[in-house]
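To start, the structure under review is shown below, and the notes come after it.
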Amino acid sequence: MNNSRHLICKFKVALVQMAPTHLDKKANVEKMVGFIKEGAEQGAKLIVFPELIVTGYVGPITPPEYEGFYKISEPIPGPTTVQLQKLAEKNGVYVVFGMAERGESKLGPVMHNSAAIVGPNGFIASYRKCHLPLGEKNYFHPGNEIKVFDTNLGRIA
């Protein structure tokens, strides 16, 4: 018999469906800020954005476009993560969002298709997408672990 106790916590979740502007990080983050404020005003405690929302999703792109994509990618934590973390703290919410993460490997500079989570107490963690379908393998380096994030709302994966 399992004697563990499970806390049932009810909270509002805002799922944002937004069309990002391809390779315009500034415009995309501005839109995200508006949705985070709106979600918080409507009582959401968890606000979830789509994959690669910060940069726009990549498709088959030319080498110059790839260079532009790499140029606007950034480390996690980094400027965008810190900006959204401050907003999450101010509004008392958790925010999950996807972005291109710039990193290093034994092979040199790489990009990851990553998700970050920030909350009322700051940066929580990031996840690098492990299973890259089709063309994503041409742009991103895979992650190597599945993560679950512990928050005051519960466990988020």
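The values are calculated or read from the model by the stated rules, or taken from the named source; none is laboratory data. Since this is a predicted model, take the numbers as computed values, not measurements. Note that each Cβ is placed from the backbone with ideal geometry, even for glycine, and that neighbours are counted across all protein chains shown. These accessible areas exclude ligands, DNA and RNA; they are computed on the full protein's heavy atoms, side chains included. Shrake-Rupley method; radii C 1.70, N 1.55, O 1.52, S 1.80 Å.
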(request) Report, to the nearest 10°, how far helix 25-41 tilts away from the longest principal axis of the Cα atoms in the chain, using its own Cα long axis and a range of 0 to 90°. (result) 10 degrees
(message) If the only charges are +1 at each Lys and Arg Cβ and -1 at each Asp and Glu Cβ, what is the size of the charge dipole of the chain around the Cα centre, to the nearest 20 debye?
(response) 460 debye
(message) How high is the relative contact order of the chain? Use alpha-carbon pairs under 8 Å, at least six apart in sequence, and give a whole percent.
(response) 19 percent
(request) Kindly express, to the nearest 10 degrees and within the range 0 to 90, the angle between helix 79-91's C-alpha long axis and the longest C-alpha principal axis of the chain. (result) 20 degrees
(request) Starting from the Cα of residue 61, step 7 Å along the direction of its Cβ; do the same at residue 155; then give the gap between the two resulting points in nm. (result) 3.5 nm
(request) Divide by every residue of the chain the summed helix terms, -39500 (n - 2.57) for each DSSP H run of at least 4, and state the resulting mean residue ellipticity at 222 nm, rounded to the nearest 500 deg cm²/dmol. (result) -8000 deg cm²/dmol
(message) Pick from 15, 132, 107 the residue whose mean-square fluctuation is largest in a GNM of the chain, springs joining Cα atoms under 10 Å.
(response) 107
(message) What whole-number distance in Å separates the alpha-carbon centres of the range 25-39 and the range 94-157?
(response) 20 Å
(request) May I ask you to derive the FRET efficiency for residue 15 and residue 134 from their Cβ-Cβ distance with R0 = 35 Å, giving the value to the nearest 0.05? (result) 0.90
(message) Using only Cα atoms and rounding to the nearest 10 degrees, what angle (0 to 90) does helix 63-72 make with the longest principal axis of the chain?
(response) 40 degrees
(message) Suppose each label sits 7 Å from its Cα in the direction of the beta carbon; what would the residue 147-residue 125 distance come out to in nanometres?
(response) 0.6 nm
(message) So, R0 is 30 Å and r is the distance between the beta-carbons of residue 70 and residue 30; what FRET efficiency does that work out to, to 0.05?
(response) 0.85
(request) May I ask you to give the solvent-accessible area per residue for the chain, in square angstrom, as obtained with a 1.4 angstrom probe? (result) 59 Å²
(request) Sequence neighbours fewer than 8 away in the same chain don't count; with that in mind, list the lysines whose C-alpha is under 21 Å from residue 71. (result) 25, 26, 31, 106, 129, 137
